[in-house]
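Working notes, beginning with the structure itself.
The values are calculated or read from the model by the stated rules, or taken from the named source; none is laboratory data. Every value quoted in this text rests on a predicted model; they were computed, and no experiment measured them. Here the Cβ is made from the backbone with ideal geometry for all residues, glycine too, and neighbour counts use every protein chain on show.
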Amino acid sequence: MSQISVLVVEDEPAIAETLIYSLEIDGFAVTHVGTGTEAIEQFQKEPHDLLVLDVGLPDITGFDVCREIRKTSDVPLLFLTARESEIDRVVGLELGGDDYVTKPFSPRELTARIQAILRRSRSTPTHSSNSANDLSEIKLGRITLFPDRYQAQCDGRDLELSRYEFGMLRVFMEHPGRVYTRDQLMELVWDEPEAALDRTVDAHIKTLRRKLHDVDEAFDPVKTHRGIGYSFDNLEST
Ligand code: CA
């Protein structure tokens, strides 16, 4: 079994030591660097399976590191934050982080988050296509999307979604587990996002849920994050 490699980017030696220790106990192969520049260099030299990234680094910020790495990679990324203002930016996920842990944290909490992120990234959707440009199908758990036709099926049954419901479902399924704010959904799905309202998103989420419930009353893969937004839970059941 090959080890999962984690790149830890943390400048405070005591925190770094605790992190390395608990990750190694859990069986991860850990590489540690103390600055953002080193992190980017190290990642380009040797791609890792996951990054644990402190926001407050001595040279550039963890956000800068994330932005740089996101240019070339979709690697799962967990932020370590110390301040409320940082949490807002991470939770908005404008930066493409997968999750965050607030300092001080327990090593157990951290490794639990890492395991959850890895589970999610392992269940990313399968894209099958006829050619590189023609995306004919996105399948995740019980739901299959046919982007060319703007069609979605659950358990093989057509969901008959409106274009906005379809658009949101597609965004969710391309990044299962990632939380999207209403603003982000509007930007990504609506043609004229400035004309739409927050409650427009809520209304379409409601109808999307109802259509999924029509197939199976117990099936609710769209998760509400109070005060933040929505995400898609990859429920593989039945
Ligand atoms: Ca720091």
query: For the range 39-60, what are the residues that are surrounded by fewer than 17 Cβ atoms within 10 Å (Cβ to Cβ) and within 15 Å of the ligand (Cβ to nearest atom)?
result: G56, P58, D59, I60
- prompt: For the range 39-56, how many residues meet the condition of being out of contact with any strand residue (DSSP E or B) (no Cβ under 7 Å at 6 or more places or on another chain) and more than 10 Å from L7 (Cβ to Cβ)?
  reply: 5
task: Taking the options I4, I15, I25, I20, name whichever one is of a type in the set (A, V, I, L, M, F, W, C) and closer than 30 Å to E174 by Cβ.
output: I4
field: Entirely in the range 1-88, the helices (runs of 4 or more DSSP H) that have 3 or more residues that are in contact (Cβ under 8 Å) with a residue 40 or more places away in the chain
entry: 13-25
- prompt: How many residues does the range 87-120 contain that are at pLDDT 80 or above, over 30 Å from G141 (Cβ atoms) and basic (K, R)?
  reply: 1
field: Residue that is surrounded by the most Cβ atoms within 10 Å (Cβ to Cβ), among those in the range 6-38 that are within 16 Å of the ligand (Cβ to nearest atom) and among the charged types (D, E, K, R)
entry: E10
